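For reference, the structure discussed in these notes is given below.
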Amino acid sequence: MSNQKKRNFQIEAFKHRVVVDPKYADKTWQILERAIHQIYNQDASGLSFEELYRNAYNMVLHKFGEKLYSGFIATMTAHLKEKSKLIEAAQGGSFLEELNKKWNEHNKALEMIRDILMYMDRTYIESTKKTHVHPMGLNLWRDNVVHFPKIHTRLLNTLLDLVQKERTGEVIDRGLMRNVIKMFMDLGESVYQEDFEKPFLEASSEFYKVESQEFIESCDCGDYLKKAEKRLTEEIDRVAHYLDPKSEEKITSVVEKEMIANHMQRLVHMENSGLVNMLLNDKYEDLGRMYNLFRRVTNGLLTVRDVMTSHLREMGKQLVTDPEKSKDPVEYVQRLLDERDKYDKVINTAFGNDKTFQNALNSSFEYFINLNARSPEFISLFVDDKLRKGLKGITDVDVEVILDKVMMLFRYLQEKDVFEKYYKQHLAKRLLSGKTVSDDAERSLIVKLKTECGYQFTSKLEGMFTDMKTSEDTMRGFYGSHPELSEGPTLIVQVLTTGSWPTQPAVPCNLPAEVSVLCEKFRSYYLGTHTGRRLSWQTNMGTADIKAVFGKGQKHELNVSTFQMCVLMLFNNSDRLSYKEIEQATEIPAPDLKRCLQSLACVKGKNVIKKEPMSKDIGEEDSFFVNDKFTSKFYKVKIGTVVAQKETEPEKQETRQRVEEDRKPQIEAAIVRIMKSRKILDHNNIIAEVTKQLQPRFLANPTEIKKRIESLIERDFLERDSTDRKLYRYLA
Amino acid sequence: MGISKDRIKFNVGGRLFETTATTLANAGRDSFFGALFDDEWNLSPQDSVIFVDRNSDCFAVLLDLLRTGDLNVPANIPERLLHREASFYGLLDHVRTARWGPFDGNRLRLSDSVKGIAPGDGTAIRAGPDGGCCVAHGSVVHVFDWMLEEHSPINLDYQRVNDVGWIDSENIVLSACERLGRGDGGMGLFSSSSGDLRYKFQVCHENQVKSYTAGALSFSPDYEIFASCKGRSNEYGIGVWDQITGKQTDFFYESPGWSLGDADKLQWLNGKNCLLVATLFPRKDNCYISLLDFRDKNMVWSWSDIGSPMAIDEKRVRDAIAMEDSNSICVVNEFEDLGFIDLRMYGGSVRWSSRSKLMKSKMPDEPCYPKLALHEGQLFSSMNDSISVFCGPDWVLTSRLRRSYGGSICDFSIGGDRLFALHSEENVFDVWETPPPPII
């Protein structure tokens, strides 16, 4: 009966919604809630995961997902509130440890709770777009513990305190620090940034502001930079040990700003230890440090570069304008090269080979080298010196290095045509006297000049080499056709093309009979093979080797100039000659003769003749006789000519004038070229374009350009516009 | 010792199972087993038996799945039950990956047929990225997950649906006709699981929001949505929206004498950075196919059958698909003749490959226009109640999928390693899968 009733009742009930047990949800939740408590109390060993998982699953399955979710949040919140009180109660140093301990416990518990609620996480939360269990647990910790008023500021202050302690040299528990900071990072980027990073950066900024002020008052520049560098590495180290790697950039920029950017000017200009001092004293390490630190801040390198540039210019200006220092051209150029090498090394080792610094170096050199108008001459003399003797015993590679350095200086020159002029003179002397040490080196330099300035620049120089080569062949032909000449004196003629060589007015001079016979033979041979040419003798450029036997039978071979040979040959016929007699016999111009006699009679150790009276200078009343007692260690004796290496003032003027003269056609050619394409142009633009076009060779003087324009107008190449006087027209 | 420690005993619903921790580790950490064996849950000593209050038959199947990676479901276990149990253990994804293998048009097997309840012909069927699909009927779209369980249907103000497409497994875009003067219709973004409308896309013309009819849809990997649009006044053309912001980013207006806003088919060509737009015969009197480059608003290639001899009426293009690898567009007529147009030439003609004589058999009572699809070098073409598979450089017919039940195929779609074919009668759709790879 009762059975029957029960069945009826069940059938009746079945028509309605099936509710297993009205208290089912509450009961199940109580089980889960108890479990959460146990987990938090670290009493989870007796719990059955399977049972809890199944209960949570059933709640979701029976549409109690919402109850489960809110229940989990409420329970966890209550627990965290309790924990925060415990943490707060911790005294002094144990505060952080307690926080870290509770945080670890929470993480462990959260992991277990997430495991239990896994099914809810995957289905209910997914479809309702609520926050998942794990991030929710972190949010609850953030809101109830980290942002708990009594913990929030205390936590921050404790952390900042520890950093401060570490900065002042104390050892702190980095592991604990790392764990706590890691907690901020786990709670999300915004929590880390707002609750720790921002205040940390502010405190750091304050700290370094004070410290940098202290340092700058008490340290010199080098020490200051060392300290700044140390601080920087410390901060980077700190980030690596216990901060978010993303903080590195931020904290270093704080240090950079406070320690470097704010004191940049003062550091660079610091007296007795600033940048200039470092440069003067070759403090590469300090310079490198400065570069690396200043590079980190805006305008840092600009400041360094500016100071270096102005120092370089000042130094260079002194170097090139000091009359004492420009006495010896070779030394002058060597000094320039040394300075360049030094700054090259600075830039290379300390400034990381920075391009902008190299540019600054170049522009500075360009600036001051051209302050001294004689720089082109001196550089050519330097090359001359090197090619005459300086290159002996040096390998080809080293020669190239020296030549490259010279080319570097050459590049700085504005008046390259002046250099060319001098170079031509010096080269001619080297070639004719056979003094050049290395033909390869000569040619290598020519090639360098050619690549730098183009074919035109070197065509005449190359012509000189060609002449030398042709002359060799000519001589071979000459002696081939005159076999009888193998006896007696040998004549070597170098036929120079007019125009290729720096010409000097041919000085007439009476050659000794033996020589002039040979000369005539050569003349007729040469003109016989080359018709329509004119030969004139440049006796002032020749040399001769003569054999001499002195009073006691000492035999020597004397290497002398043509003029000196003419003089010495006279003594074959007479023992004693007066100045007048010599002058008459040789017809050498007086200044040359005097110089020639001076070198024969007055140079100690090489005085093959003697003069009366004995004095340094040659007088017109002097008389000369062979020095019978002449001795020398060497069989061959080279008698130099007393000749000023550097140009004398009038010579300099002359060269200058010649250069100016040579420039005129070039300027005119440039004007015509430009006007031909432009047809019409105003004055300022012509000046600008001409200057630009001629820049690779020399810096054209605007007044000179103006003069050339006027000259061209006179010659009907150009005309002024009838309405606008500033305009020029090209006349075809 | 190592071996014995590895061994695990379960009592599932009264049946004993013995397995190893290694096998269970295949379930992954985010599963029932992963959590169960985590160190936090002090598992009782290894000789004790872990009780699980679940169905033991399903546990056996799932345990076997973890052991071998193979899914073998005995006939007596309903799919739904298995899926429910897999969901409990957190193994649904394992079941899905084991269900079918990587897609190969020549190894397909019919795995299921789902009968619909919607009235009238289906408009479109679209495969989702994870094995689900959606079917558009009239003004409603039915959404099925990979277990082929139906979710809440979606609609846009009950306006006639023109096209649907999956953005990802959670989001579906639906394009519909406008309702005059009310701003209804257009395009909307829906949740595939709940069917909620999440966003409605707008067309702006000269800074004014216009109501419009959206037609064919296409998506680019750069998170763009393309749709053919017909607006109230001048907004005929192709609209472009950003998938992330939902904002309209571009609009390609159709030029006079050409058709874009009526397009039946859009296809994004990733290699060419172009959109294929095809407006085909029944919608307009002529067929228009063009490639649009949106970077410089240029129509870089176009083809139309205007002026071609109309005598051969059977050669009307009914569907088109671009094949970037062979630089051509494949077209099909209503007799399932395939034709090819060279993309490298401007103004080329269709090169028909004549198979129609061979194929022309009896026409069904209710014919459907053929459709084309391309998947990893295999070309698919539907005709009547079957789908042909073509392979190789010369597009040789290699397979034919046919099932007599359900009438002719009005649309089909490939995605999530499955092929879905929608039949015109009784709204049944078939699911074709590649079986898992053989054992040896």
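Numbers at a glance
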| read-out | value |
| --- | --- |
| Estimated FRET transfer efficiency when R0 is 25 angstrom, pair residue B:111-residue B:244 (beta carbons, to 0.05) | 0.10 |
| Percent RCO, i.e. relative contact order, over chain A, from Cα pairs under 8 Å lying at least 6 residues apart | 6 percent |
| For chain B, size of Cβ-based charge dipole, Lys and Arg +1, Asp and Glu -1, in debye | 660 debye |
| 10 Å Cβ neighbours from other chains, averaged over peptide B:30-37 | 4 |
| Cα-centre dipole for the range B:7-99 with unit charges at Cβ (Lys and Arg positive, Asp and Glu negative), debye to 20 | 260 debye |
| Relative packing of peptides A:487-496, A:415-424, A:628-637 - highest average C-beta neighbours within 10 Å first | A:415-424, A:487-496, A:628-637 |
| Selection of GluC sites (Glu not before Pro), the range B:122-173, meeting DSSP coil and at most 14 other Cβ within 10 Å | B:149 |
| Cα-based reach from residue A:283 at 16 Å (exclusive), listing aspartates and glutamates while leaving out same-chain residues under 8 positions away | A:220, A:223, A:271, A:339, A:341, A:344 |
| Quotient of Cα Rg and 2.2 N^0.38 Å for the range A:42-120, N being how many residues it contains | 1.32 |
| ³J(HN,Hα), Karplus 6.51/-1.76/1.60, whole Hz, each residue of the range A:156-169, x for Gly, Pro | 4, 4, 4, 5, 5, 4, 5, 4, 4, 4, 5, 5, 8, x |
| Kirkwood-type radius of the range B:7-99, with distances r between different C-alpha atoms, in Å | 13.5 Å |
| All-pairs Cα distance distribution in the range A:92-197, expressed in whole percent, bin size 5 Å | 2, 11, 20, 22, 16, 12, 8, 5, 3, 2, 1 |
| Simple Cβ-charge dipole of the protein assembly as shown, Lys/Arg +1 and Asp/Glu -1, about Cα centre, in debye nearest 20 | 2140 debye |
| Whichever lysines have a C-alpha closer than 16 Å to that of residue A:638, once near sequence neighbours (fewer than 8 apart) are set aside | A:389, A:435, A:547, A:555, A:604, A:606 |
| Cα extents of the protein assembly as shown along the three principal axes, largest first (Å) | 176, 98, 73 |
| Alpha-carbon Rg/Rh ratio, for the range B:146-197, with Rh computed the Kirkwood way | 1.01 |
| Positive-end residue of B:23, B:58, B:90, charge dipole of the range B:7-99 with Cβ unit charges | B:58 |
| Residue exposure sequence - B:134, B:368 - by fewest surrounding Cβ within 10 Å | B:368, B:134 |
| Fraction of beta bridges assigned by DSSP in the range B:7-99 that are antiparallel (%, nearest 5) | 65 percent |
| Pairs from A:165/A:230; A:325/A:405; A:325/A:611 whose Cα-Cα separation, in the structure shown, is over 26 Å | A:325/A:611 |
| Exercise: per-residue mean of other protein chain Cβ atoms within 10 Å, B:88-95 | 2 |
| Number of partner chain Cβ atoms within 10 Å, mean per residue of A:50-57 | 4 |
| Partners for residue A:81 among lysines (Cα-Cα distance below 28 Å; same-chain residues under 8 apart left out) | A:27, A:67, A:101, A:102, A:108, A:129, A:130, A:150, A:182, A:198 |
| Equivalent ellipsoid, the range A:483-532 (semi-axes from 5 times Cα gyration tensor eigenvalues, Å) | 22, 16, 10 |
| Distant-in-sequence amide H partners of residue B:111 (H built 1.01 Å from N, under 5 Å) | B:431, B:432, B:433 |
| Positive-end extreme of charge dipole, the range A:263-417 - chosen from A:281, A:403, A:319 (charges on Cβ) | A:281 |
| Degrees, to the nearest 10: A:221-242 long Cα axis against longest axis of chain A | 30 degrees |
| Residues whose placed amide H lies under 5 Å from that of residue B:217, excluding near-sequence neighbours | B:266 |
| In sequence order, calculated HN-Hα J values of the range A:64-71 (Karplus, 6.51, -1.76, 1.60; Hz; x Gly/Pro) | 9, x, 4, 4, 5, 5, 5, x |
| Karplus-derived 3J(HN,Hα), 6.51/-1.76/1.60, for each residue of the range B:368-381, Hz, glycine and proline x | 10, 5, x, 10, 10, 8, 10, 8, 6, x, 10, 9, 10, 9 |
| Within the protein assembly as shown, percent of DSSP bridges classed antiparallel, to nearest 5 | 95 percent |
| Three-way shape label, chain B, alpha-carbon gyration tensor, a/c 1.5 | prolate |
| Positive-end residue of A:201, B:165, B:381, charge dipole of the protein assembly as shown with Cβ unit charges | A:201 |
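Read the figures in this text as sums done on the coordinates, not as results from a lab. This one's a predicted model, so the numbers in the text were calculated from it and none came from an experiment. Heads up, the Cβs are rebuilt from the backbone with ideal geometry, glycines too, and the neighbour counts pull from every protein chain shown.
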